[in-house]
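This report concerns only the one structure given below.
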Amino acid sequence: MIQTLIVSFLFLPGLHAAASKKNIALGAQAVQSSTAFSGPAENAVDGNTESDYYQYSCTHTATEDNPWWRVELPDAYNITTVKITNRGDCCSERLYGAQIRIGNSLENNGNDNKLIATVGSRISYKFFPVEGRFVNIIIPGRQKILTLCEVKIFADEFILRNVALKGRATQSSLSVSGMWPGFGLAQNAIDGNRNPDLKKGSCTQTVEETAPWWRVDLHRNHEVYAVALTNRGDCCSERLDGAQIRVGTYIENEGKENPICAVVTSIPAGQTKLFECQRTLEGRYVTVVLPGNGTLSLCEVEVFMSPKFTLRKPN
Ligand SMILES: *[C@@H]1O[C@H](CO)[C@@H](O)[C@H](O)[C@H]1NC(C)=O
Ligand SMILES: *[C@@H]1O[C@H](CO)[C@@H](O)[C@H](O)[C@H]1NC(C)=O
């Protein structure tokens, strides 16, 4: 049973003071594929988030294929957050597409470790705990330059309670055709079982239709902080691409007009991904909707309240 999940609780207003957050990358050993323009690898772990390159606190590789940077933590940790300060005085787009990788292997300089996230415009990347001593940032491609002004890494833990387990689920339709007819009941996404194989009977599945949706009723309003989705692993994981997670107090139009918590870009086959809502959303209904035509299949949906609430009222 997945009663609780441990995730980072940083960046929540009001909790900073109480939290024992510690940047474990600070002062750790760092290396990179090459150094140019007096930008050594350690500059990204010096505790200085200055983003003006000319203040001598950023890294700089030469222009090369697949430039990378790596921090070697003193020990392995269950990492939950990586926060990057990009260069600010120019060229911030250079970092777009960089990969964050975490693991314990130094094979290929650590660049084959688990892919955690691809860098876009955000600065903070949060995820379920991934164990590793090495955190790599690599820009795949020809003739790239990697510059980082700071990389902070956190392994802080916090217990969040999944409030979906006691909810009631429904969906737009139930697939009764195909190889596993009737296996896709709506309730399967809140059964505490993340098994991603549809034929094990723990995933949902609608028919192919326009704007298929799935919804859980939490019975009363909660301050929803994050939602985790587990994608199907036995096939068709791309079907979830573009799905919207909506949270709100209204059931009209199946909750499809409630505020958007997050939009799925993609979730690798069989994996669980945590989506922090853009802001904490009050809601009784959590709806996952696929815009356009498609089949909606979810192997688990977990809904987390703001940890602040959990702190005051532990289960
Ligand atoms: C990471 O978490 C897993 C699962 O809870 C645990 O077995 C492992 O020992 C942890 N690793 C570290 C380095 O704390
Ligand atoms: C979606 O499916 C409906 C019904 O089959 C069809 O009429 C419509 O053209 C489809 N829309 C798209 C965007 O494919």
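Here are a few things to note about the model shown:
- Selection of region 45-65 for residues being in a loop (DSSP other than H, G, I, E, B) and among the hydrophobic types (A, V, I, L, M, F, W, C) yields Cys58, Ala62.
- Residue check for Gly248: open to solvent by less than 50 Å² (accessible area, probe 1.4 Å), in contact with a helix residue (DSSP H, G or I) (Cβ under 7 Å, 6 or more places away or on another chain), over 26 Å from Gly182 (Cβ atoms) and assigned by TED's automatic domain parsing to the domain that holds Phe183: yes
- Output for region 125-149, where each listed residue is touching a residue at least 60 places away in the same chain (Cβ under 8 Å) and β-branched (Val, Ile, Thr): Val135, Ile137, Ile138, Ile139, Ile145, Thr147
- Look at (1) within 16 Å of ligand 1 (Cβ to nearest atom); (2) at pLDDT 95 or above; (3) surrounded by fewer than 21 Cβ atoms within 10 Å (Cβ to Cβ) and you find that Glu131 fails only one, number (2).
- Selection count where residues are assigned to a loop (DSSP other than H, G, I, E, B) and either of a type outside the set (A, V, I, L, M, F, W, C) or within 16 Å of Ile267 (Cα to Cα) (or both), scope region 92-127: 11
The values are calculated or read from the model by the stated rules, or taken from the named source; none is laboratory data. Just so it is clear, the model here is predicted, and its values are computed rather than measured. In this analysis, Cβ positions are derived from the backbone assuming ideal geometry, glycine residues included, and neighbour counts consider all displayed protein chains. Areas reflect the complete protein model, heavy atoms only, side chains present, ligands, DNA and RNA absent. Shrake-Rupley method; radii C 1.70, N 1.55, O 1.52, S 1.80 Å.
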